[in-house]
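Participant: Before I ask anything, here is the structure I am working with.
FYI, it's all coordinate maths here, none of it is from the lab. Just so we're clear, the structure is a prediction, and the values are computed from it rather than from any experiment. Here the Cβ is made from the backbone with ideal geometry for all residues, glycine too, and neighbour counts use every protein chain on show.
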Ligand SMILES: Cc1cc2nc3c(=O)[nH]c(=O)nc-3n(C[C@H](O)[C@H](O)[C@H](O)COP(=O)(O)OP(=O)(O)OC[C@H]3O[C@@H](n4cnc5c(N)ncnc54)[C@H](O)[C@@H]3O)c2cc1C
Ligand code: FES
Ligand code: FES
């Protein structure tokens, strides 16, 4: 075709990616709005191997070309992810938008990526030279900056394979079907033998990056709920000190207040 | 260089223009399919919605290279189906159309909703149409029409 490539296999796509100057194209919902001029697209939508959702002992593998609609309808995808992606825009966008595109766009408001932050997901990248598996927090550097080399493609997202029983997901936006998150929150909580075993809290707050502070999380791990309760105000204060926001589309003060409210609700919900 | 080959409203079609061209523009300008409306070019209004392989997609968010080997249906093609007749009659019964600008997208979104769920609740209809903006009707008549179509067209979806 004139002005683009539409390979049917990943291997061919990687070859084109290595040899030509091309922009990877998945669902097009970000790219076509950006309306870039004079680019050649590498259309990935014929590559069946990128559209698979698989589970093994350690990970739930979500292919880069899996659309949000496909994932919502797949039993292998955990509910915490479904909660987040079913709030993305409206059906026509969810039918086209993909996991790889959500990552590749480099937005700090990408809803599936927030969940990937909260659950310590990894991203599998490939080039002709081989593959790299990177932690999602290392892949998303800052807004519009991702750790993707010019010859690489995003191949899949790896979510740790576990039950995700106790979690909270909240999105605060404008009109539902258009809402890019103003603030969103994803939190995981697990208790074992009366002690907090897992505590993870990730935020979208228009901060230029996704926010997650593992050092604060650590202060609650191993504590009983009662001990955690005594630390609650201190913990929220620690988040308040770390969440430094500047002007964005909605006021920084509003975003910070909402973020801290969601955190407090999360702790309260799980009895802390 | 090979052409982009796809089925457009049932007919095998070849596009020899640039793979980066926007499907919305090509449908309107090259194939004169004027039911496909341009409301925003940002994926937000649904006026440009078409069916690609029976899935609702906003054509403003699609480059031509992505439709190679796909099947596209616009209102011009959908008009010939029995499902259209049921939806159209139901819309008329509730006077659900005012200026009409949103309606091609709205009808295709209604059809896509019913394809997935032939007997949707009111909430499910509203969710199915949530990407289609209408400036005239206030939506209620449209939602009622889709509900009626789901009853009248029993077995079609
Ligand atoms: C109306 C509207 C509402 C939206 N609402 C939301 C929302 O609520 N939440 C949200 O998170 N997003 C939202 N989005 C943004 C968008 O839909 C998502 O970011 C989506 O996941 C993008 O996926 P895509 O497949 O369409 O990406 P594309 O547009 O195809 O690509 C996006 C970027 O990723 C790169 N890329 C894609 N795939 C790969 C790959 N495999 N390897 C390397 N690079 C790749 C592309 O080069 C490009 O830079 C919205 C968009 C619109 C138009
Ligand atoms: S013109 Fe495509 S969604 Fe508005
Ligand atoms: S009838 Fe006028 S925009 Fe819907």
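Participant: Assuming R0 = 35 Å, what is the FRET efficiency of residue B:2 and residue A:131, from their Cβ-Cβ distance, to the nearest 0.05?
Facilitator: The calculated FRET efficiency here is 0.70.
Participant: Shape call for the stretch A:149-252 from the C-alpha gyration tensor, a ≥ b ≥ c root eigenvalues: rounded (a/c under 1.5), prolate (a/b greater than b/c) or oblate?
Facilitator: Note, shape of the stretch A:149-252 comes out oblate.
Participant: What average number of partner chain Cβ atoms lie no more than 10 Å from the Cβ of the residues making up A:19-29?
Facilitator: That works out to 3 on average.
Participant: If you take the square roots of the eigenvalues of the alpha-carbon gyration tensor of the stretch B:35-99 and sort them as a ≥ b ≥ c, do you get rounded (a/c under 1.5), prolate (a/b over b/c) or oblate?
Facilitator: Here the stretch B:35-99 falls in the oblate category.
Participant: Report, in whole Å, the centroid distance computed from the Cα atoms of the stretch B:100-154 and the stretch B:17-94.
Facilitator: Each part's Cα centre sits 16 Å from the other's.
Participant: What does the average come to when, for each residue of peptide B:53-63, you count the partner chain Cβ atoms lying within 10 Å of its Cβ?
Facilitator: 6
Participant: Could I ask something else about it? Suppose only helical runs count, i.e. DSSP H with n ≥ 4. What mean residue ellipticity at 222 nm does that imply for chain B under -39500 (n - 2.57) per run, divided by all residues and rounded to the nearest 500 deg cm²/dmol?
Facilitator: Rounded to the nearest 500, it is -9500 deg cm²/dmol.
Participant: Across peptide A:42-52, how many C-beta atoms of other chains are within 10 Å of each residue C-beta, on average?
Facilitator: Mean inter-chain Cβ contacts per residue within 10 Å come to 2.
Participant: If I model a spin label at residue A:254 and residue A:151 as a point 7 Å from the Cα along the Cα→Cβ vector, what separation in nanometres do I get?
Facilitator: Label at residue A:254, label at residue A:151, 4.7 nm between them.
Participant: What value, in deg cm²/dmol to 500, does the helix sum -39500 (n - 2.57) over DSSP H runs of n ≥ 4 give at 222 nm once divided by the residues of chain A?
Facilitator: Mean residue ellipticity, 222 nm, calculated: -9000 deg cm²/dmol.
Participant: Contact order normalised by length for chain A, with contacts defined as Cα pairs under 8 Å and 6 or more residues apart; what percent is it?
Facilitator: 15 percent
Participant: A further question follows. Return the FRET efficiency for the residue pair residue A:34, residue A:193: r is the Cβ-Cβ distance, R0 is 45 Å, and the value is rounded to the nearest 0.05.
Facilitator: The value I calculate is 0.35.
Participant: Evaluate the distance, in nm, between pseudo-label points positioned 7 Å from the Cα of residue A:162 and of residue B:152 along their respective Cα→Cβ axes.
Facilitator: That separation, rounded to one decimal, is 5.4 nm.
Participant: Relative to the first principal axis of the alpha-carbon coordinates of chain A, what is the inclination of helix A:252-269, with its axis defined by its Cα atoms, in degrees from 0 to 90 and to the nearest 10?
Facilitator: 70 degrees
Participant: Against the longest alpha carbon principal axis of chain A, how many degrees, from 0 to 90 and to the nearest 10, is the axis of helix A:10-19 turned?
Facilitator: Compared with the principal axis, the helix lies near 80 degrees.
Participant: Determine the gain in length on full extension of the stretch residue A:232-residue A:138; use 0.36 nm per residue of separation and subtract their C-alpha separation, reporting nm with one decimal.
Facilitator: Gain in length upon complete extension: 31.0 nm.
Participant: Further question: How high is the relative contact order of the stretch A:167-269, in percent, with contacts defined as C-alpha pairs under 8 Å that are six or more residues apart?
Facilitator: Relative contact order comes out at 23 percent.
Participant: Further, regarding this structure: How many percent of DSSP beta bridges within chain A run antiparallel, rounded to 5?
Facilitator: Rounded to the nearest five, the antiparallel share is 90 percent.
Participant: How big is the gap, in Å, between the Cα center of the stretch A:190-225 and the Cα center of the stretch A:248-271?
Facilitator: Comparing the Cα centres of the stretch A:190-225 and the stretch A:248-271, I get a distance of 15 Å.
Participant: To continue, here is another question. Assuming R0 = 25 Å, what is the FRET efficiency of residue B:12 and residue B:34, from their Cβ-Cβ distance, to the nearest 0.05?
Facilitator: That pair, residue B:12 with residue B:34, gives E of 0.70.
Participant: Further question: Using a 7 Å offset from the Cα along the Cα-to-Cβ direction at both residue A:244 and residue A:56, what is the distance between the two label points in nm, to one decimal?
Facilitator: Those two pseudo-labels are separated by 4.1 nm.
Participant: Report, to the nearest 10°, how far helix A:225-242 tilts away from the longest principal axis of the Cα atoms in chain A, using its own Cα long axis and a range of 0 to 90°.
Facilitator: 60 degrees
Participant: Report relative contact order for the stretch B:50-157 in percent, whole number only (criteria: Cα-Cα under 8 Å, sequence separation at least 6).
Facilitator: 31 percent
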